[in-house]
Structures are given as structure tokens and as C-alpha cells.
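Have a look at the structure below before the remarks.
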Amino acid sequence: APRSLVLTRSGRRCGVQIGRARLLPVSINGLLTARCTIPAGTFLVFPVTGQVLSAERPEGLLARVRRDFRAIEEARLTVDGRSVRPSGHVVTTPAFRVNLPSPNGFGIPPGPEWFLSKDYFAILSPPSLGAHTITTLGVIDPPDRAEFSLGMTYRITVRRAAGAGLTGRLDSAAP
């Protein structure tokens with residue numbers, strides 16, 4: 001069965017490298033830790049918190065996701081122990097259909113299911129060489145189910161790229 005490069009139930013995955021950016025994994029199973037080693041000069045892109053909903057039919061999914069997105073009570077981001085205000089990049093996917101395997105981690109019966117997601121994303125400039133800790137936490141209290149929290153701790157090690165000369169922080173900021 002196909003596996004997602006960015007969804008994690010255990011923290012064992014470390015996302016996917018796309019050019020000079022690393023799309024870090026997102027928890028679908030509470031509060032998790034991922035350990036990643038990245039080359040110097042890599043921008044970090046990851047969701048801080050958000051909502052993903054599914055249904056047998058796509059109608060009404062966008063309205064439900066918008067309603068539940070407003071139910072986000074807290075969106076917290078820390079970088080090396082310092083609180084950072086999430087950048088406010090909001091991404092909403094179009095509705096997309098997935099043929100879910102069994103088991104699938106969502107507690108949904110196997111078969112076709114429609115999904116739609118709306119998330120706050122952070123984009124961080126490349127960190128300096130060495131070890132860094134980034135944490136995210138989202139507390140969501142939707143009107144039709146119990147309050148829940150999702151979050152990640154990313155333990156990032158930045159290493160000099162093979163064959164690279166001088167490395168470190170880029171002069172430009174993240175877009």
C-alpha cells in the first residue's frame with residue numbers, strides 16, 4: 001500500500017526533501033517526536049496545527065473544515081526554547097479522494113474516502129549547523145467532538161552538505 005511521506009503515527013518518518021526545503025512530518029496520532037538530519041542551507045516547512053476531515057462524499061467538507069479551523073484554541077511554536085509567533089501561512093487543500101487500506105490510522109473503514117485539510121504552516125530560514133529543537137502544539141475544541149491536541153517535537157541536526165565550502169545561515173529570509 002502507498003505510504004505518506006509526511007503523515008506519521010510514530011515519529012519515525014522525517015518528511016521529504018524538495019530542493020532546498022524540507023517538508024517535515026505531521027502527527028496524526030497526538031504528540032510525537034521526529035529526529036531528522038538535514039543538509040545546511042535547508043528551509044524548514046511544517047504545519048503548526050490545523051484540521052483534516054473526511055467524509056464519504058465531498059459536499060459540505062469545506063464548510064466543516066472552516067468551522068473546525070475556527071475552533072483552534074491554541075497554536076504554539078517554539079524554536080530552541082524560544083516562543084515564535086506562527087507565520088500565518090494558511091493552506092487549504094481541495095477535496096481529494098483516497099482509497100484507504102485496512103488498518104489506516106484514521107479509524108475509518110477501508111475503501112474510498114474524501115479528505116480536505118486546512119492548516120497553519122510555518123516556514124523557517126535554514127538553521128545554523130548543529131542541533132536544534134522545534135516544537136508545535138495545536139489545541140482544537142470542535143463543536144461536535146471532544147477537545148484534542150496534536151503536535152510535534154522535531155529534533156533537527158544540521159550537517160554540512162557533502163563537498164560544500166562555507167555553510168551556515170543564509171542572508172535571505174524565508175519567503
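The values are calculated or read from the model by the stated rules, or taken from the named source; none is laboratory data. The structure displayed is predicted, hence computed values, not measured ones. Cβ: placed from backbone, ideal geometry, glycine included. Neighbour counts: every protein chain shown.
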For this session: Could you give me the residue pairs with C-beta distances under 8 Å whose first residue belongs to the range 28-49 and is aromatic (Phe, Trp, Tyr), whose second residue is part of a loop (DSSP other than H, G, I, E, B) and surrounded by 19 or more Cβ atoms within 10 Å (Cβ to Cβ) wherever it lies, and which are 6+ apart or on separate chains?
Result: 43/126; 46/15; 46/24; 46/25
Seminar exercise, completed: Scanning the range 101-127 residue by residue, those part of a loop (DSSP other than H, G, I, E, B) and either farther than 30 Å from residue 39 by Cα or modelled with pLDDT under 90 (or both) turn out to be 101, 102, 103, 104, 105, 106, 107, 108, 109, 110
Problem set entry | Residue under evaluation residue 49, criteria (1) among the polar types (S, T, N, Q); (2) within 14 Å of the chain's Cα centre (by Cα); (3) at pLDDT 90 or above, criterion not met | (3)
Problem set entry | Matching residues in the range 11-46 - criterion: being of a type in the set (S, T, N, Q), farther than 22 Å from residue 68 by Cα and under 13 Å from the mean Cα position of the chain (by Cα) | 33
Seminar exercise, completed: Of those in the range 26-59 that are assigned to a strand (DSSP E or B) and among the hydroxyl-bearing types (Ser, Thr, Tyr), the residue surrounded by the fewest Cβ atoms within 10 Å (Cβ to Cβ) is 37
Seminar exercise, completed: Reported set for the range 128-150 where residues are outside any loop (DSSP other than H, G, I, E, B) and loosely packed, with under 14 Cβ neighbours inside 10 Å is 130, 131, 133, 148
Exercise. Since residue 83 meets every condition but one in (1) touching a helix residue (DSSP H, G or I) at 6+ places or on another chain (Cβ under 6 Å); (2) at pLDDT 90 or above, which condition does it not meet?
Worked result: (1)
